[in-house]
Amino acid sequence: MIDRVGFFTIITTTEMAANKALEIYRDRDTVEKVFRMEKLYLGNDVFRIHSDEY
């Protein structure tokens, strides 16, 4: 387990406690993952471009 532990840095322009910054980061990460899953489910994971010019 110890071999899998890593470090990262959160830099913010707002003064806050470290545990609050980590909570906000984790919430945002969760929301981004849900949006990614929804896009994949709806088939919007690939942008398609169509043009009649060519």
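The values are calculated or read from the model by the stated rules, or taken from the named source; none is laboratory data. The model shown is predicted, which means the values in this text are computed figures rather than measured ones. A quick note on method: Cβ atoms are made from the backbone with ideal geometry, for glycine too, and the neighbour counts reach across all protein chains shown. To get the accessible areas, we keep the full protein, side chains included, count just its heavy atoms, and leave off ligands, DNA and RNA. Shrake-Rupley method; radii C 1.70, N 1.55, O 1.52, S 1.80 Å.
Keeping every protein chain present and rolling a 1.4 Å probe, give me the accessible area per residue for the stretch 1-45 in Å².
On a per-residue basis, the stretch 1-45 sits at 106 Å².
Grab every C-alpha pair in the chain, bin the distances at 5 angstrom width from 0 up to the longest one, and report whole percents.
4, 13, 14, 13, 15, 12, 12, 7, 4, 4, 2, 1
Compute the signed sum of charges (Lys and Arg +1, Asp and Glu -1) over the other residues within less than 14 Å, Cβ to Cβ, of K20.
It works out to a net charge of -1.
Report the charge-dipole magnitude of the chain in Debye, nearest 20, computed about the Cα centre from +1 at each Lys and Arg Cβ and -1 at each Asp and Glu Cβ.
220 debye
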